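The values are calculated or read from the model by the stated rules, or taken from the named source; none is laboratory data. Remember, predicted model here, so these are calculated numbers, not experimental data. Note: ideal-geometry Cβ built from the backbone for every residue, glycine included; neighbour counts use all protein chains shown. Ligands, DNA and RNA are stripped out before the accessible areas are found, and what is left, the full protein with its side chains, is counted by its heavy atoms. Shrake-Rupley method; radii C 1.70, N 1.55, O 1.52, S 1.80 Å.
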Amino acid sequence: MKWKLLAGAGGVAGALYVRRLARGRELLENPFGEVTRYYRWRGGKIAYTVAGEGEPVLLVHGIYAGASSHEFRRNFGELSRSFRVYAVDLLGCGLSDRPRRRYVPADITDQLEDFVREEVGEAAHVIASSLGAALFMPAAVRSPRLFRRLIFICPTGLQSLNRRPGRLNRALYGLLYGPLGDPFYYALVSRPSLRYYLRNMAYHRPEAVSEGVLEQYYRTSHQPGAKYLPAAFISGMLNLDVRGLYPRIPHQSLIVWGNEARTTPVGQAEAFLYGNPRSNLRIFRDAALLPHDERAGKFNEISRRFLRSGSPGHAGRRAT
């Protein structure tokens, strides 16, 4: 009887702990100070922001806990002076719906392809980050006429996040997806954990992680249903091997990499440069996984030049 009481007390304490950690569900604001629009896709609403005139540019953020189009807050306004820019929150992220579903790579690929076809309505340039870049690639191969020039920021799929999920991955996903995974998830998205990730992995300069940036990640990751997409990412269910896809992308592509990136080190950039003859590479010093944020001014300048002319200003590999 004593052990049953202790177990019951432990369960109640665990539930209260998770409930306390879940407090962070304040309303989110549009990171660009613009009107949020919605695109209905397979029963859910995908939030996006659009501004500017000219050829369309789609911004695709990476996939991780707390991910959203906030990642492009220092690029959206500047690029919208030259293009019609669409910043999208993938389903499960930011201001979009967060349905309880078991995400697979095709969920990301299909929503991006459908968004450009149905909402943008004409061929678009694409700037995509990390795993978001890899999961976009099947759309570029499958529907090349929907896209123009492409910029991939620290993409995965050749040497990282490219292994097919196995039995252990599926077991881990089942654990994270269910209620037993809640304590692990809320520990992962606690302020100390997010601060460590942002300062030691995402960014090269710790001072780039202001309290405002940290709070945005915290609030986004504590919305109802926020754990389902990160659970798929953490367990490897969104891994995608692009070795058979990337060489077939027919568009002019620019690979952008932060020289100080750790989880996907800059050495992986060479495989992308030489994996497709239509690719160029720019390496950004003093930046990690988010060179478009840490070196926003230079990134915006190079992106504008590349998207207008198809040239980043120098053939092959170049450090900036």
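Tabulated values for the structure
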{"quantity": "Solvent-accessible area per residue for the stretch 171-320 (1.4 angstrom probe, square angstrom)", "calculated": "41"}
{"quantity": "Angle between the chain longest axis and helix 105-115 axis [Cα atoms, degrees, rounded to 10]", "calculated": "50"}
{"quantity": "Estimated Rh, the stretch 217-320: Kirkwood, alpha-carbon pairs, angstrom", "calculated": "15.5"}
{"quantity": "GluC sites (Glu not before Pro) within the stretch 38-92, DSSP loop, no more than 13 other Cβ atoms inside 10 Å", "calculated": "Glu53"}
{"quantity": "Of Leu59, Leu180, Leu172, the one that fluctuates the most in a GNM where the chain has Cα springs shorter than 10 Å", "calculated": "Leu180"}
{"quantity": "Between the stretch 160-202 and the stretch 24-53, the alpha-carbon center distance in angstrom", "calculated": "25"}
{"quantity": "Among (1) 18.6; (2) 22.2; (3) 16.5, the entry derived from the coordinates for mean projected area of the Cα convex hull in nm²", "calculated": "(3)"}
{"quantity": "Using alpha-carbon coordinates, inclination of helix 296-309 to the longest axis of the chain, degrees", "calculated": "50"}
{"quantity": "Between 0 and 90°, nearest 10: helix 167-177 axis offset from the chain longest Cα axis", "calculated": "70"}
{"quantity": "Cα centre as origin, Lys/Arg/Asp/Glu Cβ charges: the chain dipole, Debye", "calculated": "780"}
{"quantity": "Length gained when the stretch Gln159-Arg117 is fully extended (0.36 nm per residue, less Cα-Cα span)", "calculated": "12.1 nm"}
